[in-house]
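The values are calculated or read from the model by the stated rules, or taken from the named source; none is laboratory data. This is a predicted model, so every value here is computed, not measured. As a convention, Cβ positions derive from the backbone with ideal geometry for all residues, glycine included, and neighbour counts pool all protein chains shown. Keep in mind that these areas ignore ligands, DNA and RNA; they rest on the heavy atoms of the full protein, side chains included. Shrake-Rupley method; radii C 1.70, N 1.55, O 1.52, S 1.80 Å.
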Amino acid sequence: MKSTILLSLAFMLLSCSPKTDNAAAKQEEPVKKDIALQLYSLRDTISGDFEGTVKKVGEMGYTAVEAAGYKDGKFYGKTPEEFKAAIEGAGMKVLSSHTNRALSENELKSKDFTEALKWWDEAIQAHKAAGMKYIVDPWMAVPKSLQDLKTYCDYFNEIGKRCKENGLSFGYHNHAHEFTKIEDKMMYDFMLENTNPEYVFFQMDVYWVVRGQNSPVDYFNKYKGRFELLHIKDNKEIGQSGMVGFDAIFKNTDIAGTKHIIVEVEKYNYTPEESVKMSLDYLLECPLVKASYAE
């Protein structure tokens, strides 16, 4: 009986829920964990002060960044080498980048990706020079038909193959609209089933999965190992809404195949900087969040 009570208490303590005791006072040294930040979270400040913003991110305790400012071979107006140097100078690593090149109606119809892949060849080289490990397509509209969606899956497979040949990985980031049906087939499921795991991983945004009325853990179990990156996000600051089951998510990252977690904050109760720091603190204080997910 005594051992059962102790096990129950241990389970209760192993949770991301706020603690009632003064955990901070008991903590002698700051907790260190490998957690990246999607720089879109600080989009207003980074556009005017790139160096100052990334310096603050490093000082907060983030260990890596995901970019969202690639254009014409540059990141936030910086050459790949300048971008890499600035991030590393702030004490962080360059992890990943959101960028895409949508197919035109003619390309969808013809299934000829020649021009699109020329764009990707240049983008891949720029990302490689910047030290990126991952390139993530952050958005696509709902296609008109499963045939068009299958064309996109073929397109993603080809991009992923080229990324792999250059030492990078290619993935897709979801919102909520991927959980609508096209010809009675869930868009997200179709993409998972028609992309090659060797070339395409999925960066699950856990908040948007919940907003799409689905369970992240159900997808972890259904498509094991496909979710190499996780976007950890909430309605505003992480953990404030109570609508995302972070405990269950963090208990199942091994099944998901997760190697990195990335914070994204799109709306704020406080200043963007305060909200981003509060979100990091939530994860640092949660015992379910590993110090590192990398192999």
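For the range 145-158, does any single residue satisfy the condition of being more than 19 Å from Met204 (Cβ to Cβ), in a helix (DSSP H, G or I) and among the hydroxyl-bearing types (Ser, Thr, Tyr)? Yes.
Being touching a Cys at 6+ places or on another chain (Cβ under 7 Å), within 24 Å of Asn194 (Cα to Cα) and modelled with pLDDT of 95 or more: is that true of Ile159 here? Answer is no for this residue.
When you scan the range 223-236, do you find a residue that is in contact with a His (Cβ under 9 Å, 6 or more places away or on another chain), open to solvent by 40 Å² or more (accessible area, probe 1.4 Å) and modelled with pLDDT of 95 or more, even just one? Within the range 223-236, none of the residues are in contact with a His (Cβ under 9 Å, 6 or more places away or on another chain), open to solvent by 40 Å² or more (accessible area, probe 1.4 Å) and modelled with pLDDT of 95 or more. Yes or no: Asp234 out of contact with any Leu (no Cβ under 7 Å at 6 or more places or on another chain) and closer than 22 Å to Ser279 by Cα? Considered against the rule, which asks whether it is out of contact with any Leu (no Cβ under 7 Å at 6 or more places or on another chain) and closer than 22 Å to Ser279 by Cα, Asp234 comes out as yes. If only residues of the range 39-55 that are in contact with an Asp or Glu (Cβ under 8 Å, 6 or more places away or on another chain) and of a type in the set (A, V, I, L, M, F, W, C) are counted, the one that is surrounded by the most Cβ atoms within 10 Å (Cβ to Cβ) is Leu39. Of the residues Val94, Val142, Val57, Val65, the single one that is over 30 Å from Phe179 (Cβ atoms), among the aliphatic types (A, V, I, L, M), free of Cβ contacts under 8 Å to residues at least 60 places away in the same chain and in contact with a helix residue (DSSP H, G or I) (Cβ under 9 Å, 6 or more places away or on another chain) is Val94. Working only within the range 159-188, note down all residues that are assigned to a helix (DSSP H, G or I) and in contact with a helix residue (DSSP H, G or I) (Cβ under 8 Å, 6 or more places away or on another chain). Ile159, Arg162, Cys163, His177, Glu178, Phe179, Met187, Tyr188 - these are the residues of the range 159-188 that are assigned to a helix (DSSP H, G or I) and in contact with a helix residue (DSSP H, G or I) (Cβ under 8 Å, 6 or more places away or on another chain). For the range 63-85, the set of residues classified as crowded, with 19+ Cβ neighbours inside 10 Å and within 22 Å of Gly160 (Cα to Cα) consists of Val65, Glu66, Ala67, Ala68, Gly69, Tyr70, Phe75, Pro80, listed by residue number.
Among the conditions (1) in contact with a Phe, Trp or Tyr (Cβ under 9 Å, 6 or more places away or on another chain); (2) without any contact (Cβ under 8 Å) to a residue 12 or more places away in the chain, the only one that Lys74 does not satisfy is (2). For the range 121-135, indicate whether the set of residues that are part of a helix (DSSP H, G or I), out of contact with any strand residue (DSSP E or B) (no Cβ under 9 Å at 6 or more places or on another chain) and without any contact (Cβ under 8 Å) to a residue 24 or more places away in the chain is non-empty. For the range 121-135, residues part of a helix (DSSP H, G or I), out of contact with any strand residue (DSSP E or B) (no Cβ under 9 Å at 6 or more places or on another chain) and without any contact (Cβ under 8 Å) to a residue 24 or more places away in the chain: absent.
Could you tell me how many of the residues in the range 86-119 are of a type in the set (Gly, Ala, Ser), open to solvent by less than 60 Å² (accessible area, probe 1.4 Å) and assigned to a helix (DSSP H, G or I)?
Summing the residues that are of a type in the set (Gly, Ala, Ser), open to solvent by less than 60 Å² (accessible area, probe 1.4 Å) and assigned to a helix (DSSP H, G or I) in the range 86-119 gives 2.
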